[in-house]
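Here is the structure we will look at, set down as structure tokens.
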Amino acid sequence: MRRKFVAGNWKMNGSLESANALVKALVASIGNSPAADVVVCPPFIHLESVAALVNGSGVSLGAQNLADEEAGAYTGEVSGAMLKDVGCEYVIIGHSERRTLYGEDDALVSKKFLRARDEGLIPILCVGESLEERESGAMESVIARQIDAVLTAAGVQALCNSVIAYEPVWAIGTGMTATPEQAQDVHAFIRSRIAAEDAAAAEGVRILYGGSANAANAATLFGQPDIDGGLIGGASLKAEDFVTICAAAA
Ligand code: PGA
């Protein structure tokens with residue numbers, strides 16, 4: 001049995017005050033021993049403050065990105081060691097917004113994946129196709145390419161000791177959720193791709209769905225056999241909605 005996993009990706013939203021208020025509300029509702037793993041990923045600048053508020057609770061901390069280099073003259077970057085230092089356990093890697101808006105390709109995503117692992121952070125590796133790729137029939141080849149890049153660079157054990165998030169680009173922030181069947185098909189495809197390398201490891205890896213998941217559709221999505229939770233954007237900014245989503249993962 002894979003333990004369910006729900007992560008909130010706050011993206012570039014909120015103020016110090018709203019971040020603190022949100023996490024206080026989550027900690028109060030989720031308590032110390034939630035039935036699923038629960039993670040919040042605030043903007044870098046709010047990590048330290050949120051870390052103090054989740055300390056000792058059932059909510060863990062993640063970052064949304066990290067530098068591909070270890071340390072040094074990289075103006076504006078944040079290293080994995082710095083994230084670890086402020087209390088992060090997880091880091092999102094290869095989010096589609098990083099891939100499309102900031103030009104992160106498979107090579108850079110793989111490098112960041114390895115860097116995260118070297119620093120003792122657990123990557124949440126995002127993959128997913130655009131609408132054009134889906135409609136042109138390229139969906140499986142795109143996802144296979146994204147998964148294989150990390151499989152080749154890091155190996156199957158490293159991939160399976162991380163978390164994978166399937167996020168169809170056309171569903172992110174659009175209100176157009178993949179149907180549970182569409183999502184399940186891709187999750188099963190990802191798992192089978194990994195199983196070709198190591199069947200037992202593939203059985204254990206958690207694959208989250210992301211893309212307009214919300215309090216109303218989470219339970220159905222999480223009820224699919226290969227969907228092990230969610231990476232939640234917009235709905236993670238409302239404490240009540242995120243708590244409902246976490247409860248749907250229990
Ligand atoms: P969304 O974002 O839930 O707002 O669609 C998901 C994500 O980008 O991780």
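The values are calculated or read from the model by the stated rules, or taken from the named source; none is laboratory data. Quick caveat, the model's predicted, so the values are computed rather than measured. Cβ coordinates were reconstructed from backbone atoms using ideal geometry, including for glycine residues, and neighbour counts include every protein chain displayed. Note: accessible area is taken over every heavy atom of the protein model, side chains too, but ligands, DNA and RNA are not part of it. Shrake-Rupley method; radii C 1.70, N 1.55, O 1.52, S 1.80 Å.
Observations
- Euclidean distance of C-alpha centroids, the range 102-140 and the range 190-250, integer Å: 17
- Accessible surface computed residue by residue for the range 82-194, with neighbouring protein chains in place and a 1.4 Å probe, gives 42 Å² per residue.
- Within the range 120-163: backbone nitrogen closer than 20 Å to the Ala200 label point (7 Å, Cα to C-beta): 155-163
- Within a straight-line Cα-Cα reach of under 20 Å, Lys24 can be paired with the following lysines, leaving aside sequence neighbours fewer than 8 residues apart in one chain: Lys11, Lys238.
- Portion, in percent, of the accessible area of the chain that falls on carbon or sulfur, probe 1.4 Å: 51
- Close amide H contacts of Val39 (hydrogens built in the peptide plane, cut-off under 5 Å, sequence separation of 5 or more or a different chain): Val6, Ala7, Gly8, Ser60.
- R0 of 25 Å, Cβ-Cβ distance Asp85-Ser29: FRET efficiency to nearest 0.05: 0.35
- Only helical runs count toward this figure. For the chain, summing -39,500 (n - 2.57) over DSSP H runs of n ≥ 4 and dividing by all residues gives -12500 deg cm²/dmol at 222 nm.
- Within the range 53-128, chymotrypsin sites (Phe, Trp or Tyr not before Pro) in DSSP loop having at most 15 other beta-carbon neighbours inside 10 Å: Tyr74, Tyr102
- Percent RCO, i.e. relative contact order, over the range 5-248, from Cα pairs under 8 Å lying at least 6 residues apart: 20
- Most fluctuating residue given options Ile190, Ile232, Ile45, as computed from a GNM of the chain linking Cα atoms under 10 Å: Ile45
- Extension gain, Asp105 back to Gln182 (0.36 nm per residue minus Cα-Cα distance, nm): 25.2 nm
- Under the Karplus curve 6.51 cos²θ - 1.76 cosθ + 1.60, θ = phi - 60°, whole-Hz ³J(HN,Hα) for the range 219-224, x wherever Gly or Pro sits: 4, 5, 4, 6, x, 6
- Gyration tensor over alpha-carbon atoms, the chain, equivalent ellipsoid semi-axes in Å: 25, 22, 17
- Most mobile listed residue (His46, His187, His95) in the chain, GNM with C-alpha springs under 10 Å: His46
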